[in-house]
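The values are calculated or read from the model by the stated rules, or taken from the named source; none is laboratory data. Because the structure is a prediction, the values reported are computed rather than measured. Virtual Cβ from ideal backbone geometry, glycine too; neighbours counted across all protein chains shown. The protein model used for the area step is the full one, side chains on, heavy atoms only, and it has no ligands, DNA or RNA in it. Shrake-Rupley method; radii C 1.70, N 1.55, O 1.52, S 1.80 Å.
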Amino acid sequence: MLLWRGLRDRSYWHNFSERFGFGARLAPYGVWLHAVSVGEVQACAPLVSALYQRHPGLALTVTTFTPTGAARARALFGNLAQVRYIPFDLPGAARRFLARVQPRLAVIFETELWPNLYRECGRRRVPLVLASARISARSVGRYQRLGALFRDTLSQAVVVAAQAEGDAERFRALGAAATSTHVTGNLKFDFEVPPDIAQRGARLRAQYAPERALWVAGSTHGGGEEQALLEAHRQVRSVHPEALLVLAPRHPQRFAEVAALLHQGHMSFVRRSQGAAPAAQRCEVLLLDSLGELLDFYAAADVAFVGGSLVPVGGHNLLEAAALGVPILTGPDNSNSEEILRLLVACGAAQVVQDAAELGARVSTLLANPEARVRIGAQGRASVDSNRGALGKLLGLIEPLLAEREAPRAP
């Protein structure tokens, strides 16, 4: 699959031997953290920073599965952590990987259950912590059908730090020990927005929409979602003729495909990679074909739509826009973050829309009502602030394990 993807995106071929457990040997007896892709990498950033500050000199290794996740990790962590790909879940690959990393503790984020890798950690007596662990009601049935395989897998985990009580119950049902399963909350609430994010957003607003409305559709997917967004934008422009849509596809390999879709839909657009050309202030759509800038554009926006939710993907991170005080719209499929969505909807910071027509109508209404936008944005920011604290609880579970397995002293 990855070789095939590499025909379109050569980054999938980079460091390919790491996917079979090969690669340079790293400083031993550190902490290995696994975050599958961009969202999880972003979520693990507070923990990486806290471990670096509390344990200077402790080697940190971050693994990921996707090239975009690896690129984001390198950009976020710089020299704080070594970044490499997690190996395929094959017995030999798992052995080679752990022989090269030699961690004293493994921290796995969210829903990553790999039987061979977990078993090898157990064989080497490497404690496992499942951080911000979650599992949907829809997924638990599939795991249960595999019976003993996942009971044995979860028996290797020393600690399950679940996002919510429902997640904890589902992990217990799959075989996690009740005494080592805890509810610590979602680490994504503990991320810190850059201190200069307001200024960065203001600069983008001045470049692209100094005197017109701007809304962002972030982490979008194909399969009909982007077509629905363009249909909604046509409806928005019938009410706000100068409005600009910033369209940010989730996967970089789809940038050209989305550009072709805009051509076919006869939408005037500019690609972000082409810079802030004068035409950008007159176009209908700005295609965000760059990495690491979505947060900055959320800071520039009047309204944010979070993608992967009008199609059966499960939705993406709602908290970034909420922390920036931007009103949030999302589609009906948010199985990846059901608890977060319920929280934001309950406090009035987010609203679910079912289709393009409802999305267009809701965006149009919000753009016409700046007072409502300020009120809704403040509710979202307050909700994020009041739910912080997962990092402290997680560190409370990790620190004793690190103390139990102190690095051996040199003779």
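Contact map, the stretch 148-168: residues that are open to solvent by 50 Å² or more (accessible area, probe 1.4 Å) paired with residues that are β-branched (Val, Ile, Thr), Cβ distance under 7 Å, separation 6+ or inter-chain. Pairs shown: Val158/Val129; Glu165/Val183.
A quick yes/no check of all residues on (1) assigned to a helix (DSSP H, G or I); (2) modelled with pLDDT under 95; (3) open to solvent by 10 Å² or more (accessible area, probe 1.4 Å); (4) in contact with a Pro (Cβ under 9 Å, 6 or more places away or on another chain):
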{"position": "Ala206", "(1), (2), (3), (4)": "yes, yes, yes, no"}
{"position": "Glu211", "(1), (2), (3), (4)": "no, yes, yes, no"}
{"position": "Trp215", "(1), (2), (3), (4)": "no, no, no, no"}
{"position": "Gly218", "(1), (2), (3), (4)": "no, no, no, no"}
{"position": "Glu226", "(1), (2), (3), (4)": "yes, no, no, yes"}
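Of all the criteria given as (1) within 21 Å of the chain's Cα centre (by Cα); (2) modelled with pLDDT under 95; (3) assigned to a helix (DSSP H, G or I), the one not satisfied by Ala280 is (1). Summed over the stretch 347-362, residues that are of a type in the set (A, V, I, L, M, F, W, C) and within 24 Å of the chain's Cα centre (by Cα) total 6. Inspection of the stretch 11-23 identifies no residue that is under 19 Å from Ala131 (Cα atoms), at pLDDT 90 or above, assigned to a loop (DSSP other than H, G, I, E, B) and open to solvent by less than 10 Å² (accessible area, probe 1.4 Å).
Taken together, the residues in the stretch 169-204 that are surrounded by fewer than 20 Cβ atoms within 10 Å (Cβ to Cβ), among the basic types (Lys, Arg) and within 30 Å of Leu245 (Cβ to Cβ) amount to 2. Put simply, of Ala206, Ala213, Ala217 the only residue that is more than 30 Å from Ala148 (Cα to Cα), of a type in the set (A, V, I, L, M, F, W, C) and without any contact (Cβ under 8 Å) to a residue 12 or more places away in the chain is Ala206. Consider the stretch 368-390 and keep the residues that are under 24 Å from the mean Cα position of the chain (by Cα) and small (Gly, Ala, Ser). The one that is surrounded by the most Cβ atoms within 10 Å (Cβ to Cβ) is Gly380.
Any residue at all in the stretch 347-367 that's part of a helix (DSSP H, G or I), free of Cβ contacts under 8 Å to residues at least 24 places away in the same chain and either of a type in the set (D, E, K, R) or open to solvent by 60 Å² or more (accessible area, probe 1.4 Å) (or both)? Among the residues of the stretch 347-367, at least one is part of a helix (DSSP H, G or I), free of Cβ contacts under 8 Å to residues at least 24 places away in the same chain and either of a type in the set (D, E, K, R) or open to solvent by 60 Å² or more (accessible area, probe 1.4 Å) (or both), which makes the answer yes. All conditions in (1) more than 25 Å from Pro194 (Cα to Cα); (2) surrounded by fewer than 21 Cβ atoms within 10 Å (Cβ to Cβ); (3) under 20 Å from the mean Cα position of the chain (by Cα); (4) not hydroxyl-bearing (Ser, Thr, Tyr) hold for Asn334, with the sole exception of (2). Within the stretch 101-115, the presence of a residue that is charged (D, E, K, R) and farther than 20 Å from Val158 by Cα is excluded. Each residue in the stretch 148-204 was checked for being in a helix (DSSP H, G or I), modelled with pLDDT of 90 or more and of a type in the set (S, T, N, Q), and 3 of them qualify. Count of the stretch 228-246 residues, restricted to those that are open to solvent by less than 30 Å² (accessible area, probe 1.4 Å), among the hydrophobic types (A, V, I, L, M, F, W, C) and part of a helix (DSSP H, G or I), is 5.
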